[in-house]
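Okay, so here's the structure we're looking at.
The values are calculated or read from the model by the stated rules, or taken from the named source; none is laboratory data. Please read all numbers here as calculations on a predicted model, not as lab measurements. Neighbour counts are summed over all protein chains in view; Cβ atoms, including those assigned to glycine, are modelled from backbone coordinates with ideal geometry.
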Ligand SMILES: Nc1ncnc2c1ncn2[C@@H]1O[C@H](COP(=O)(O)OP(=O)(O)O)[C@@H](O)[C@H]1O
Ligand SMILES: [Mg+2]
């Protein structure tokens with residue numbers, strides 16, 4: 001699925017759609033977000049977490065690398081691995097405590113954690129596109145496929 005996001009409000013709207021798609025399934029999910037600095041990965045994660053019902057701030061985990069949230073009954077982990085020196089360091093950050101079967105895991109810069117991350121259900125690639133951004137959403141598992149199908153579930157404001 002290819003989308004053009006003409007401004008920050010459209011990135012936010014995509015996050016809200018993702019949140020609805022994720023909320024319809026109580027199982028865990030792993031989403032990898034690729035794209036260069038400023039492409040909108042954190043903005044998309046922020047809107048997704050807020051769409052899931054998180055009311056506090058969503059800070060970029062650029063230095064903490066992993067930021068945990070409890071949203072409803074769900075454990076959510078937001079990772080930003082830009083400053084990860086070596087994928088093996090994920091072991092010391094408690095990567096084994098994440099349960100991809102039950103938790104929601106959103107990872108910026110997943111390529112830096114290669115080999116030590118749970119495999120993605122959904123791969124989102126964000127890129128600059130003029131003044132706006134574009135997003136490519138690719139399923140990487142049957143669960144990811146179902147998630148994408150739910151993005152346009154009835155009741156969604158169409159676009
Ligand atoms: N669709 C869009 N068009 C233009 N600017 C956007 C869009 N979506 C987000 N932005 C802006 O781009 C920046 C993205 O920053 P951020 O989410 O921190 O990027 P990343 O996490 O990928 O480094 C923010 O300033 C945000 O307001
Ligand atoms: Mg970021």
- Neighbours by Cβ (under 8 Å, 6+ apart or cross-chain): first from segment 1-12, touching a residue at least 60 places away in the same chain (Cβ under 8 Å); second part of a helix (DSSP H, G or I) and within 16 Å of ligand 2 (Cβ to nearest atom): 3/14; 5/11; 5/14; 11/43; 11/44; 11/47
- Selection from segment 17-45 of residues that are within 13 Å of ligand 1 (Cβ to nearest atom) and surrounded by fewer than 24 Cβ atoms within 10 Å (Cβ to Cβ): 34, 35, 36, 37, 38, 39, 42, 43
- When residues of segment 1-16 are limited to those that are within 13 Å of ligand 1 (Cβ to nearest atom) and in a loop (DSSP other than H, G, I, E, B), the one nearest to residue 71 (Cα to Cα): 7
- In segment 117-131, which residue that is surrounded by fewer than 16 Cβ atoms within 10 Å (Cβ to Cβ) and not in a loop (DSSP other than H, G, I, E, B) is farthest from ligand 2 (Cβ to nearest atom)? 129
- Residues being part of a helix (DSSP H, G or I) and either within 21 Å of residue 118 (Cβ to Cβ) or near ligand 2 (Cβ under 9 Å from one of its atoms) (or both): count how many of those fall in segment 23-48. 7
- Message: So if I check each of 157, 61, which one is at pLDDT below 95, in contact with a helix residue (DSSP H, G or I) (Cβ under 9 Å, 6 or more places away or on another chain), surrounded by 14 or more Cβ atoms within 10 Å (Cβ to Cβ) and more than 21 Å from residue 27 (Cβ to Cβ)?
- Response: 61
- Item | Lone qualifier among 48, 102 - being in contact with a helix residue (DSSP H, G or I) (Cβ under 9 Å, 6 or more places away or on another chain), closer than 21 Å to residue 143 by Cα, touching a residue at least 40 places away in the same chain (Cβ under 8 Å) and more than 11 Å from ligand 1 (Cβ to nearest atom) | 48
- Identity of the residue in segment 59-82, part of a loop (DSSP other than H, G, I, E, B) and under 18 Å from residue 38 (Cβ atoms), that ends up nearest to ligand 2 (Cβ to nearest atom): 60
- Query: Does at least one position in segment 83-93 carry a residue that is within 16 Å of ligand 1 (Cβ to nearest atom) and in a strand (DSSP E or B)?
  - Reply: no
